[in-house]
1. Tell me the residue from A:Asn48, A:Asn118, A:Asn32 that is more than 8 Å from every other protein chain (Cβ to nearest Cβ) and under 22 Å from the mean Cα position of the chain (by Cα), please.
2. Out of the stretch A:64-91, which residues are more than 18 Å from A:Cys9 (Cα to Cα), part of a helix (DSSP H, G or I) and of a type in the set (D, E, K, R)?
3. Among all residue pairs at least 6 apart or on different chains, which show Cβ distances below 7 Å where the first residue, located in the stretch A:49-68, is under 12 Å from B:Asp107 (Cα atoms) and the second is part of a helix (DSSP H, G or I) and β-branched (Val, Ile, Thr)?
4. Does the stretch B:54-109 hold any residues that are among the polar types (S, T, N, Q) and in a loop (DSSP other than H, G, I, E, B), and which are they?
5. Residues of the stretch A:52-85 being over 19 Å from the mean Cα position of the chain (by Cα), within 15 Å of B:Arg104 (Cα to Cα) and more than 8 Å from every other protein chain (Cβ to nearest Cβ), which ones?
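Values quoted throughout were computed directly from the atomic coordinates according to the rules given, and no laboratory measurement underlies them. Worth saying up front: this structure is predicted, and the values here are computed from it rather than measured. Here the Cβ positions follow ideal geometry from the backbone for every residue, glycine too, while neighbour counts run over all protein chains shown.
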Amino acid sequence: KSVMNPKRCAACRYLRRRCPKDCVFSPFFPPNNPEKFACVHRIYGAGNVSKMLQQLPVQTRAEAVESLCFEATCRIEDPVYGCVGMISLLQTQIQKTERLLARTQAEITVSQIKHSQNQHSEFM
Amino acid sequence: MSGGGNTIPSVGGAGCGGGGGSSSGGGGSSGGGGGPCGACKFLRRKCVPGCIFAPYFDSEQGSAYFAAVHKVFGASNVSKLLLHIPVHRRADAVVTICYEAQARIRDPIYGCVAHIFALQQQVVNLQAEVSYLQSHLASLELPQPQTRPPPITQPQPLFFTPPPPLSITDLPASVSPYDLATIVDPPTSWATQQRRFVDPRNQYGGSSSSSSAAVGLGGGNSDLQALAHELLHRQGSPPPAATDGSPSRSMSR
């Protein structure tokens, strides 16, 4: 038998269970986004997510869910590196930007020297 | 990743870096006769020959690392994940999984995403600085010399083209192995910061197309093995064993 309760959260619908009033998942997994829970469940498992959330203060759980979803999505897209791949990309970008910064600073220094030399020669 | 057993890195103290005693065909880790691997030791189950975890979790400190992985992901989930990864890439996967697990235990709200936030912020700050300096450079090269740099409030980059937004699809097709050691040296400040979560990929175009194939792992992964060793030891002593009671029996026989 299937109990079609449109008010079940996405997690309870996925898990095919009743959605209690105090369901730990329901504030964060609305029924209109089943993919979100599927993603998190695939990587962490519903039990682990539930445990993690229950150990957190209520006001921090939304952020935790979003970060878990992000990590889970990254891991599904890149099973080997997960979101560590993005860390690597960012570090590469930082290195490139630092080099550009150094080059720009050097160009400014050169330009300032030229400017002061021009001023000096004009004065003379 | 080398397919030979001699160079498979295992997570933990003695076995890491491929040079430890536990890495020779998994002798010290697998259930061949050298005792259970770190994972099976933690799970208190028999470590069978061919145990999927044995090459990566040695029997000494591997248990502590596996405890973190099990607490966050669950042994069966990690097992399923590894089964879908080619053998030669599993070591890298284990390293990154361990990293994410430890980061999540240290920061239960943001996990390693906090590190991503910090790096993003660093990128933004650097780009702003470059924009500012480039506009100053442009002003220096104008016919009317200006001795004061323009105000920083509205930088107008003239020459600097911001790099295109990053997304997961930007991972190059063939790259040298990720320098995992340099990746995971997070600044201490981010661990205690709380910030409104914005999906980092929104900053980078938000593309979610599958691109795992684009993440090429170049050859010569012996460097990566050494870096994997450094990665896990850079975070200090192995994580304390999970204290959530007896380990899961789900995979017990």
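1. On the way: A:Asn48 fails: more than 8 Å from every other protein chain (Cβ to nearest Cβ); A:Asn118 fails: under 22 Å from the mean Cα position of the chain (by Cα).
Selected residue: A:Asn32, the only one of A:Asn48, A:Asn118, A:Asn32 that is more than 8 Å from every other protein chain (Cβ to nearest Cβ) and under 22 Å from the mean Cα position of the chain (by Cα).
2. In the first step, residues of the stretch A:64-91 are kept if they are more than 18 Å from A:Cys9 (Cα to Cα); the result is A:67, A:70-91.
Then keep just the ones that are part of a helix (DSSP H, G or I); that gives A:67, A:70-77, A:84-91.
Those that are more than 18 Å from A:Cys9 (Cα to Cα), part of a helix (DSSP H, G or I) and of a type in the set (D, E, K, R): A:Glu71, A:Arg75, A:Glu77.
3. That search, which allows pairs on different chains as well, returns A:Ser67/B:Val113; A:Leu68/A:Val40; A:Leu68/A:Val49.
4. Going through the stretch B:54-109, the residues among the polar types (S, T, N, Q) turn out to be B:59, B:61, B:63, B:76-77, B:79, B:96, B:102.
Residues satisfying the conditions are B:Ser59, B:Gln61.
5. Of the stretch A:52-85, the ones over 19 Å from the mean Cα position of the chain (by Cα) are A:54-55, A:57-58.
Imposing the further condition that a residue be within 15 Å of B:Arg104 (Cα to Cα) reduces the set to A:54-55.
Result: A:Gln54, single match.
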